[in-house]
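A.B. asks: Pasting a structure here, questions to come.
The values are calculated or read from the model by the stated rules, or taken from the named source; none is laboratory data. Everything numeric here is computed off the predicted structure, so don't read it as measured data. No Cβ is skipped: glycine too gets one built from the backbone with ideal geometry, and neighbour counts run over all protein chains shown.
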Amino acid sequence: MHSRQRSIRPHSATPSGARNCPSRASPAIACLLACLLVSPVQAQQDEDSNLVASLEHRELGEPVLVDGERVIYDRALPFLAQEVLDLGFELPLPYGAQFIGYWQEQDLVLENLSVAINGGDFQPIDFVDFGTPSVENTSGQVKFDAWVFPFMNVY
């Protein structure tokens, strides 16, 4: 008994999403860039805000004080936090969480399709039309982090 094997091979399958298809993410990227560029400038202009940690009103080596009292660090992480506060440095929150979402769609161009039967020569099959195929990718990640030491963040 003979079994017939068929294989379809595209001579060229090239992605065209970057060239021919306008990006749907362009407005979102522009908005994100605008937020990133405007926020630091605004924070630097507001001198009375507490957004930027600095040693403006104290010397390095002086402990962090609140209402004239030395700050006592009452959290488990990071290790050595009290020593760092006593040197005058401020610390960020010890734990963090982040969600990262990703979506992409890309059109493909399939040209010059051919088929071979039983290992023979490839013959063009111009009568087959796949329309406009596309590939879509969606991904979501959740990332947690913790400051183990004042100089080392692990995620």
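A.B. asks: Confirm whether residue 101 is free of Cβ contacts under 8 Å to residues at least 60 places away in the same chain and over 20 Å from the mean Cα position of the chain (by Cα).
C.D. replies: no
A.B. asks: Name, by its number, the condition in (1) under 28 Å from the mean Cα position of the chain (by Cα); (2) modelled with pLDDT under 90 that does not hold for residue 150.
C.D. replies: (2)
A.B. asks: Mind telling me which of the residues 73, 102 ends up being under 20 Å from residue 152 (Cβ atoms) and hydroxyl-bearing (Ser, Thr, Tyr)? Spell out the reasoning first.
C.D. replies: Working: 102 fails: under 20 Å from residue 152 (Cβ atoms).
One residue alone meets the criteria, 73.
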